[in-house]
Every structure is written in structure tokens, then in C-alpha cells.
Amino acid sequence: MTGGKLRVFIVDDSAIVREILTERLSKNPRIEVVGSAMDPYIARDKLEKIDVDVITLDIEMPRMDGLTFLRQLMKHYPKPVIVVSSLARDGNSAAMQALELGAVDVVPKPGGPFSVEEVVDLLADRIIAAAGADLGRLEECSRKLNALPRSAVPKKILAGIKTTNQLIAVGASTGGTIALETLFLGWEPDFPPTLAVIHMPERFTATFAARLNELCRVTVKEAENGERILPGTVYIAPGNYHMVLRTSGTERILRIASGPKVCNQRPAVDPLFDSVAEQVGRNCLGILLTGMGRDGAAGLLKIRQAGGHTIAQDEASSIVWGMPKEAIDLGAADRVMALDDIAPYVRTKV
């Protein structure tokens, strides 16, 4: 960091994308773009000569793909990396692999439903968050997850599963893909319904949910408007839409809708937490995980004030200890826990 600015390096095979990102990001008073490259080989040579704080990385590039380059970066030149990927299905899958390899975050490329202004604003926020990431913790989590078997896990069909009034609500942001995967690998098929919000762009959430569904013993899916929530299922809020809980008769259903950003996020954690505090109260377990900013802190406090039980991830296990810290400072957390300890603890409470 020079003069208080974050030094950013852009790796993308599109000259137009490199030019746009360089020009627009440089207008941010906290960011300085110190270089760019059209492929990983050129990037490697340049990165040997300059110091950078954050790298943005395309996935599909000539000569060497972004995933291969990311593996080399994390091994020889570990820096916070943000993937800038297209919305194509294959690109989404590769972006999820990049997060498992140690990328801090993913944002969409400009184009389609995302304007240049939207992407640059989002990318600038994610760059600032990524610069504060604990790379040691990120590498440790990635190493643990990649050591696990990656074959699809068969789902248990629980005949006559008893209904429950309990509900689990989870929020996460930067570093949240790894945190949620770690958490939900410990979820059991007879757990109450789980509603989760992660700050992730539109369409990427569907790929993320499908990936978790392959690995976890519970069903994981992207939430749909109007669906009834069921035990043994994790519902991921769709990117660019808020998710809240509503009651219809004796059933609890999900409402998925657009609307103003909350804490500069959509989806945001606070609307979900606010709704479950109101609808579920003391039968809710709220969990706030790694992420930059304050989204979810006020909502977690509302869950606690409604009689629910609340957990905030501790600093040592967080990749970015922002949102959980805000919650702790507000007095919103009943417990402050390491990520690996949360799932075993939840088993004693549901």
C-alpha cells in the first residue's frame, strides 16, 4: 500500500476489460491500479518486479487458465485474489473452484445484466474487503476442504421426519463460501430448515448451492419465491434478491424480492434476520460468519432480543472479522465461536 492506497493488479485477456477496470478503479481514492497483464505468463513476470495488495483474475485466458495460475499464486506468491468471471455456466463452476483454491471473492464481468458502473462499484468494495483478508486462515481452510473426498454424498430419506418450530438463519460475506461449506458439511439431515444469505452476485448463488448440495448430507438449493421451507434443507438467497421469511397459515414460506440495497448489499443479511426474529423469535438460531462491514449485526441483535440464540464467528477463524465483530460490539452474540466448533454446538441445540 502506497500513500494509503491499495495497489491492484489486473489479469484479463480482454484489452477492453483491462482498460475499463483500470480507468474506473483508479477514480476510487482508496485504489491504485499498478499494472495489468493479458495472460498469466506476462502477469508472473510483472508481479516479480512490483508489490501489490490485491489481484483481480479472469478464469478463461490464453496459454494458461486462471485456475492453474491461481494454484501457482497461492503456492509461490500468496496474495488476495478476486475472480472476475463471466456469467456462463462453465465460468460459474470454475469461479467456485477458484474460491476453493483460495480466491477471496468473485464478481461478474461487465456486460449482460451488470453495467460497468455496477461491476466497478462492487469490485471496488470487494478489493477493499479482500485487502483485509487473513491469507493464512484462508489457505488453512482451503487446504482442509480440498483434502476432503469430493464425490457426491447420497441424501438420507427420513421417513416420518418430525416437524419442528426451530429455524436456523446464517449470514456471511467475504470468505463466506469457504465458511458456509465448512459449516454445512457438519449439518445433519434432521436439522431444522436453514436460511442463508451470502453476498454473492446473481447466478453465482445457484452454482454455489448446487456445489454444496453435492457435498453435504442435507439438501442445499437456491431459494425460490413462495416455497415452503422443510427440515433437512438449506436455502441460499439468490444473488441480487433479498430473502425474508413469511407465515401463511401454519406454513412458513420464503419471499424473494428486489428492493433497495441494505448496508450496500442485495441480498443482505439484515432483512432475513429481521424477518426470522419477527416470525420465529425464540425458536431461531442466528449465526453470523466472516465478512466485511456491518450487515447482519443489527439483525442478529433483533434475534437475540426476540429470545432466539445467537452465534458470531470468532476473530481467529474469520477470514475477514468485520460483520461478526460489529455484532459482538452491539451485544448481539450469545456465543463467540471458532468456525469448526459451530456445527457440533448446533447439534446440541436442535
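Read the figures in this text as sums done on the coordinates, not as results from a lab. What you see is a predicted model, and the numbers here were worked out from it, not measured in a lab. Virtual Cβ from ideal backbone geometry, glycine too; neighbours counted across all protein chains shown.
Summary of values
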{"read-out": "Estimated translational D of the chain in µm²/s (Stokes, Kirkwood radius over Cα pairs; 20 °C; 1.002 mPa s)", "value": "105"}
{"read-out": "Burial order of peptide ranges 178-188, 17-27, 248-258, 49-59 (average beta-carbon count within 10 Å, highest first)", "value": "178-188, 49-59, 17-27, 248-258"}
{"read-out": "Rounded to whole Hz, the Karplus (6.51, -1.76, 1.60) HN-Hα couplings of region 321-328, x for glycine and proline", "value": "8, x, 4, x, 4, 4, 5, 4"}
{"read-out": "Placed amide H near residue 268: partners under 5 Å, 5+ positions off or other chain", "value": "243"}
{"read-out": "Of 49/75; 261/302; 49/79; 79/144; 49/144; 5/75, those spanning more than 23 Å from alpha-carbon to alpha-carbon", "value": "49/144; 5/75"}
{"read-out": "Pairwise label distance in nanometres, residue 334 with residue 349, each label 7 Å out on the Cα-Cβ vector", "value": "0.5"}
{"read-out": "Computed [θ] at 222 nm, deg cm²/dmol, the chain (DSSP H ≥ 4; -39,500 (n - 2.57); rounded to nearest 500)", "value": "-11000 deg cm²/dmol"}
{"read-out": "Counted charge near residue 31, where neighbours are those whose Cβ lies closer than 14 Å (Asp, Glu -1; Lys, Arg +1)", "value": "+1"}
{"read-out": "Local electrostatic count, residue 13, Cβ distance below 12 Å [Lys/Arg +1, Asp/Glu -1]", "value": "-2"}
{"read-out": "Ranked packing of 192-200, 5-13, most packed first, by mean Cβ within 10 Å", "value": "192-200, 5-13"}
{"read-out": "Among 298-308, 267-277, 234-244, the order from most to least packed when residues are scored by Cβ within 10 Å on average", "value": "267-277, 234-244, 298-308"}
{"read-out": "Global geometry of region 62-137, whether rounded, prolate or oblate, following the gyration tensor of its Cα atoms and the 1.5 cut on a/c", "value": "oblate"}
{"read-out": "Under Karplus coefficients 6.51, -1.76 and 1.60, residue-wise ³J(HN,Hα) of region 71-78 in Hz, glycine/proline x", "value": "4, 5, 4, 5, 7, 10, 8, x"}
{"read-out": "Magnitude of the charge dipole, the chain, Cβ model with Lys/Arg +1 and Asp/Glu -1, debye to 20", "value": "700"}
{"read-out": "Gyration tensor (alpha-carbon) shape descriptor, region 6-132, a/c threshold 1.5", "value": "rounded"}
{"read-out": "In sequence order, calculated HN-Hα J values of region 258-268 (Karplus, 6.51, -1.76, 1.60; Hz; x Gly/Pro)", "value": "7, x, x, 5, 10, 6, 6, 10, 8, x, 10"}
{"read-out": "Given charges at beta-carbon only (K, R positive; D, E negative), |dipole| of region 167-347 in Debye", "value": "360"}
{"read-out": "Gyration tensor (alpha-carbon) shape descriptor, region 167-347, a/c threshold 1.5", "value": "rounded"}
{"read-out": "Built amide H within the under 5 Å cut-off of residue 36, gap 5+", "value": "10"}
{"read-out": "Among beta bridges that DSSP assigns inside the chain, antiparallel share in %, nearest 5", "value": "20"}
{"read-out": "Region 6-132, dipole about Cα centre (Lys/Arg Cβ +1, Asp/Glu Cβ -1), debye to the nearest 20", "value": "300"}
{"read-out": "For residue 222, residues with placed amide H under 5 Å, excluding near neighbours", "value": "236"}
